[in-house]
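Colleague: Would you mind keeping the following structure in view while I ask a few things?
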Amino acid sequence: MALEHYLRSGSRMLRCGITTGTCASLAASGAAQFLLTGISPSSLSLVTPKGLTVEVEPVFCRMEGAQAVCAVRKDAGDDPDVTDGLLIVASVHKSHQGIRIDGGAGVGRVTKKGLDQPVGAAAINSIPQKMIAAAVESVCAETGYAGGLDVVISVPEGEETARKTFNPMLGIEGGISILGTSGIVEPMSEQAIVDTIEIEIRQAAETGAKNLIAVPGNYGLDFLKQQFRFSAGIPVVKCSNYLGDTIDIALTQGIESILIVGHIGKLVKLAGGIMNTHSRMADCRRELFCAHAALCGADNALCRALMDQPTTDGCLAVLESAHLKEAVLQSLLQAMQRCLDARTRQAMRAGAVVFSNETGLLGMTETAEQLLKEWSAV
């Protein structure tokens, strides 16, 4: 039974899915029912923290010795989730008192501080744990069982699937995480990416880091390795298109300075105050080049030539031929610094370094230059 709840994304209606936490709770409920009643349930349901009722058919529900085992298949809806289709399995057996929840095969173990669970614990986040406990307690109440239950969540293909996620980088080894705050997967959700950025920054802050480097992607990482060799061991976070969110999160985590290193094609947008650099949010690359070229004395023909360029490298070539490249880059870098200062409200130092794949380092903002000098001296 698929969850029939939809969200609009542009002109499309996309079907929502259910989180691994919801799947684990449903499976635990099914296993508890079979264990305590001897009857294999034909359907399982619960109300998610978001308030939506989810009903599914278990893939199987059976006894294995003294424990009951139930499996629910993960349904990600229209979200491109690598966990879609995985079996989330709950094994439940009787114990003396209370509800104890742990992770089995295919569920990761936490190896770094700063995550939802402590080091050594199964990567079953707090809200899914509450959902699992509530689902099992409800069955106990319905059947009049007053003893305890031990619940173990496992994911048969979890270890292999985890290699396709951020888990190894975040410090979760051996499997996937059992996640979800609302119980529902909203398709194409950007929140998962921002949440991952927040975890990385929080982990850096927990180690005592006060300085941070943010790169949108692999281009920035490669450039960073080639161009700068810091002895200070500054943590590096991939921020994708979410420059503004990254700055905001860094502020809340007590980071004192952040250096953003990226390709001119993305970071030129900072000069216009664009803090989400995805093309569907805003582009304005040529317009920004054109405006700053005009400020530096470009005539109408040069501005038209800039507007005709399909790439920022094309804009740079046009400016080079007109002997305006350095002046326009300085003007753009000054605008970037103003917009970064406005975003941080001067509560944190933020600077930007921009490069091009064709020509290498193009320049850096004033604060970036100061930070690099300080860091290289450490």
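Colleague: Holding the Cα-Cα limit at 20 Å, pick out from 74/238; 210/238; 50/164; 269/325; 50/94; 210/269 the pairs that are longer than that.
Modeller: Beyond 20 Å between Cα atoms: 74/238; 50/164; 50/94; 210/269.
Colleague: Multiply the residue gap between residue 301 and residue 60 by 0.36 nm, knock off their C-alpha separation, and tell me the result in nm, one decimal place.
Modeller: Contour length minus the Cα-Cα distance gives 79.7 nm.
Colleague: Same structure again: Using a 7 Å offset from Cα along Cα-Cβ at residue 370, what residues in the range 232-261 end up with backbone N under 15 Å from the label point?
Modeller: 256-260
Colleague: Hey, how many Å between the Cα centroid of the range 200-223 and the Cα centroid of the range 249-270?
Modeller: 10
Colleague: Per the Debye formula with a single identical scatterer at each Cα and no solvent contribution, what log10 I(q)/I(0) holds for the chain at q = 0.09, 0.12, 0.13 Å⁻¹?
Modeller: After summing over all Cα pairs, the log10 values are -0.64, -0.92, -1.01.
Colleague: Now, a different point. Once you've got the GNM for the chain with C-alpha springs shorter than 10 Å, pick whichever of 167, 276, 218 has the biggest mean-square fluctuation.
Modeller: Greatest mean-square fluctuation among the candidates belongs to 218.
Colleague: Alpha carbon centre of the range 50-64 versus the range 21-47: separation in Å?
Modeller: Here the two parts' Cα centres lie 6 Å apart.
Colleague: Please give the net charge around residue 346, taking every other residue with its beta carbon less than 15 angstrom from that of residue 346, where Lys and Arg add +1 and Asp and Glu add -1.
Modeller: It works out to a net charge of 0.
Colleague: Return, ordered by residue number, the residues of the range 137-156 whose backbone nitrogen is under 19 Å from a label point located 7 Å along Cα→Cβ of residue 96.
Modeller: Within reach of a label on residue 96: 146-151.
Colleague: Report, in degrees rounded to the nearest 10, the 0 to 90 angle that the Cα long axis of helix 218-227 makes with the longest principal axis of the chain.
Modeller: With rounding to tens, the tilt is 50 degrees.
Colleague: So how far, in whole Å, is the C-alpha centre of the range 303-378 from the one of the range 100-151?
Modeller: So the two Cα centres are separated by 49 Å.
Colleague: Where does helix 285-295 land angle-wise versus the long Cα axis of the chain, in degrees 0 to 90, nearest 10?
Modeller: Tilt of helix 285-295: around 30 degrees.
Colleague: While we're looking at this one, here's another question. Any number yet on Rg/Rh for the range 188-313, C-alpha, Kirkwood?
Modeller: 1.05
Colleague: Calculate, for residue 346 and residue 45, the FRET efficiency according to 1/(1 + (r/R0)^6) with r their C-beta to C-beta distance and R0 51 Å; round to the nearest 0.05.
Modeller: Efficiency at R0 = 51 Å is approximately 0.45.
No value in this document is a laboratory result; all are computed from the given coordinates. What you see is a predicted model, and the numbers here were worked out from it, not measured in a lab. Cβ coordinates were reconstructed from backbone atoms using ideal geometry, including for glycine residues, and neighbour counts include every protein chain displayed.
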